[in-house]
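*Asks:* Supplied in structure tokens, the structure appears directly below.
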Amino acid sequence: DGLAVKDSTVHYVAGHRDGTQNFKNYTAPNIKKIGEKWYLFVSTGAWYGETLSYETVVFSSDSPTGPYVDSKGRSAMENGNGDKVMTTNDYFKGPGNVSIAQDSTGAYYIFFHSYTADSEGNRLLCFERLTLDGGYPHVDGASPRKEVNKPVF
């Protein structure tokens, strides 16, 4: 009915907070099928303050219900795992909470929020082309850029 989940399909991912702003959990999950694999994109880390470490990581599975593992075979059920999709850089801070879309040319794009020194802490909606070569999906350079070719829808 779209309102309930069967008990057999419920899986919990790891998470805790260590008493500081350094969050060690996974948030904002997004699952997308690309080719024959299912990918679980999650955000992790502190998204503000001096311990800024917010980034997006990815896990894969042969099934939408998992189990999800990173390229080293490490489980999404344990903290600190995942293949890096993108992270903070000198300009873009805290890229995360992603959604994935495929444009009419077949290219995949990752849409996310981030903030910059210019945005005074207000989050901006951003996008990047998602690269699929070399294994797990990622953003070239593992970091958002100021100029990106726009998707064609």
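The values are calculated or read from the model by the stated rules, or taken from the named source; none is laboratory data. This is a predicted model, so every value here is computed, not measured. Methodologically, a virtual Cβ is constructed for each residue, glycine included, from the backbone with ideal geometry; neighbour enumeration extends over all protein chains shown. We work out accessible area using only protein heavy atoms, side chains counted, and drop any ligands, DNA or RNA first. Shrake-Rupley method; radii C 1.70, N 1.55, O 1.52, S 1.80 Å.
*Asks:* Report yes if Phe111 is surrounded by fewer than 22 Cβ atoms within 10 Å (Cβ to Cβ) and within 12 Å of the chain's Cα centre (by Cα), otherwise no. Steps first, answer last, please.
*Replies:* Working: surrounded by fewer than 22 Cβ atoms within 10 Å (Cβ to Cβ): yes; within 12 Å of the chain's Cα centre (by Cα): yes.
Yes: the conditions hold for Phe111.
Listed here are the residues, each with its yes/no results for (1) touching a residue at least 12 places away in the same chain (Cβ under 8 Å); (2) out of contact with any Leu (no Cβ under 7 Å at 6 or more places or on another chain).
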site: Asp90; (1), (2): no, yes
site: Ser114; (1), (2): yes, no
site: Cys126; (1), (2): yes, yes
site: Arg129; (1), (2): yes, yes
site: Leu132; (1), (2): yes, yes
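Yes/no per residue for (1) β-branched (Val, Ile, Thr); (2) open to solvent by 50 Å² or more (accessible area, probe 1.4 Å); (3) assigned to a strand (DSSP E or B):
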{"site": "Val57", "(1), (2), (3)": "yes, no, yes"}
{"site": "Lys72", "(1), (2), (3)": "no, yes, no"}
{"site": "Met86", "(1), (2), (3)": "no, no, yes"}
{"site": "Arg129", "(1), (2), (3)": "no, yes, yes"}
{"site": "Asp133", "(1), (2), (3)": "no, yes, no"}
{"site": "Pro144", "(1), (2), (3)": "no, no, no"}
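*Asks:* Mind telling me which of the residues Gly80, Gly96, Gly66, Gly121 ends up being surrounded by 12 or more Cβ atoms within 10 Å (Cβ to Cβ), small (Gly, Ala, Ser) and in a loop (DSSP other than H, G, I, E, B)?
*Replies:* Working: Gly80 fails: surrounded by 12 or more Cβ atoms within 10 Å (Cβ to Cβ); Gly96 fails: in a loop (DSSP other than H, G, I, E, B); Gly121 fails: surrounded by 12 or more Cβ atoms within 10 Å (Cβ to Cβ).
Sole residue among the options that is surrounded by 12 or more Cβ atoms within 10 Å (Cβ to Cβ), small (Gly, Ala, Ser) and in a loop (DSSP other than H, G, I, E, B): Gly66.
*Asks:* Please state which of the following conditions Leu40 fails to meet, knowing it meets all the rest: (1) touching a Leu at 6+ places or on another chain (Cβ under 7 Å); (2) assigned to a strand (DSSP E or B); (3) surrounded by 16 or more Cβ atoms within 10 Å (Cβ to Cβ).
*Replies:* (1)
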